[in-house]
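This report refers to the structure that appears directly beneath it.
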Amino acid sequence: MPLPKAELHLHIEGTLEPELAFALAERNGVTLPYADTEALRKAYLFEDLQSFLDLYYGLMAVLRTEADFEELADAYLARAAAQGVRHAEIFFDPQAHAARGVEIGTVVEGLGRALDRSRERHGITTRLIMCFLRDESAESAMETLEAAKPHLHRITGVGLDSAEVGHPPRKFAAVYEAAAALGLRRVAHAGEEGPAAYVTEALDVLGVERVDHGLRCVEDPDLVRRLVRERVPLTLCPLSNVRLRAVDVLKDHPLPQMMAAGLLCTVNSDDPAYFGGYVDDTFHAVREALGLGEDQLRELARNSFEAAFLDGSPEEEALRAAYLAEVEAYRFD
Ligand SMILES: [Zn+2]
């Protein structure tokens with residue numbers, strides 16, 4: 001039985017497995033430039049960021065209807081349940097779908113249908129976080145927030161993802177301010193390929209409550225002290241860092257040093273279909289490569305529930321307490 005945990009950094013588009021991609025392509029009359037699922041699976045062994053992004057955005061062509069998004073989310077949740085996930089906060093990229101003529105309502109309502117029955121079917125509570133593509137304009141992000149307004153009952157927060165360098169957080173100051181005014185929670189990818197200064201800017205200018213990745217904070221000791229003091233959670237994705245070359249090999253990942261420094265670290269899968277593992281696979285990989293002990297693994301699981309966007313109501317805090325009790329009671333084999 002896997003360690004109970006929350007997953008807080010997961011792009012639903014990054015859970016598209018080759019088999020489902022082919023099934024949806026057939027249903028929607030989309031021709032994929034691969035002979036079969038085996039050929040596509042080989043393409044998942046990309047060598048660099050550009051070939052990953054080409055594949056990632058290319059395959060999204062198969063996602064067209066509410067039923068497609070529902071099926072995608074349901075497939076992820078089934079896998080997540082088998083990986084010990086009790087609570088999942090799921091990112092989606094509305095602009096990537098709007099660019100193909102798929103409206104945000106189709107995406108949100110499709111995902112929402114799977115999320116609505118997730119607790120009953122998979123034993124997983126869920127949140128939906130809408131991400132802006134940082135290599136698109138600030139105006140486009142604002143239009144996306146506007147288009148999301150009829151669906152906000154399903155959306156807990158906003159995030160910021162895609163190519164980081166050259167697109168500092170401050171570019172999105174206005175849209176984050178508007179999101180906050182709508183009562184949305186705020187996170188952002190920062191300090192993955194971009195510098196530590198982007199982490200500081202995400203905190204100060206965007207008002208984020210959690211930093212996605214944040215790996216390069218270690219280059220700024222003052223920032224590390226601040227993140228520790230303010231207990232700002234970091235959603236780390238070690239397998240993604242290796243595949244996208246943020247670190248050379250897993251055994252060089254700074255996770256143990258970051259935990260030792262007192263940072264509130266969590267471990268997540270990012271785009272698991274592409275990066276070689278779902279979240280419990282990631283826990284096993286870091287345990288093996290970095291020699292993490294049971295106390296450290298338990299700390300990572302505890303942190304994930306502490307950092308989750310449960311809403312502070314008595315009911316949700318009772319849920320958090322129940323999840324934390326499960327972590328404490330867990331026995332490693
Ligand atoms: Zn990510």
Residues satisfying the stated conditions in the stretch 208-223, i.e. farther than 15 Å from Ser304 by Cα and surrounded by fewer than 20 Cβ atoms within 10 Å (Cβ to Cβ): Val218, Glu219, Asp220, Pro221, Asp222
The stretch 268-296, residues that are within 15 Å of the ligand (Cβ to nearest atom) and in a helix (DSSP H, G or I): Pro272, Ala273, Tyr274, Phe275, Val279, Thr282
Filter result for Ala180 (more than 14 Å from the ligand (Cβ to nearest atom) and part of a helix (DSSP H, G or I)): yes
Are any of the residues in the stretch 125-134 over 16 Å from the mean Cα position of the chain (by Cα) and either aromatic (Phe, Trp, Tyr) or more than 16 Å from the ligand (Cβ to nearest atom) (or both)? no
Which residue is surrounded by the most Cβ atoms within 10 Å (Cβ to Cβ), if the candidates are limited to the stretch 280-312 and must be modelled with pLDDT of 95 or more and small (Gly, Ala, Ser)? Ser304
Residue check, Val108 out of contact with any Phe, Trp or Tyr (no Cβ under 6 Å at 6 or more places or on another chain), among the aliphatic types (A, V, I, L, M) and more than 16 Å from Thr156 (Cβ to Cβ): no
In the stretch 183-205, residue surrounded by the fewest Cβ atoms within 10 Å (Cβ to Cβ) [restricted to those that are more than 16 Å from the ligand (Cβ to nearest atom) and assigned to a loop (DSSP other than H, G, I, E, B)]: Gly183
Please pick out the residue among Ala75, Ala39, Ala35, Ala21 that is closer than 29 Å to Leu300 by Cβ and of a type in the set (Gly, Ala, Ser). Ala75
Among the candidates Glu7, Glu13, residue that is within 30 Å of Val327 (Cβ to Cβ), part of a helix (DSSP H, G or I), within 16 Å of the ligand (Cβ to nearest atom) and touching a strand residue (DSSP E or B) at 6+ places or on another chain (Cβ under 9 Å): Glu13
Exactly one of Arg225, Arg170 is free of Cβ contacts under 8 Å to residues at least 24 places away in the same chain, more than 21 Å from Leu49 (Cβ to Cβ), more than 16 Å from the ligand (Cβ to nearest atom) and among the basic types (Lys, Arg), and that one is Arg225
Regarding the stretch 32-42, can at least one residue be identified that is in contact (Cβ under 8 Å) with a residue 24 or more places away in the chain and part of a helix (DSSP H, G or I)? no
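The values are calculated or read from the model by the stated rules, or taken from the named source; none is laboratory data. All figures in this text were calculated on a predicted structure; none of them were measured in a lab. Neighbour counts run over all protein chains shown; Cβ positions are idealised from the backbone, glycine included.
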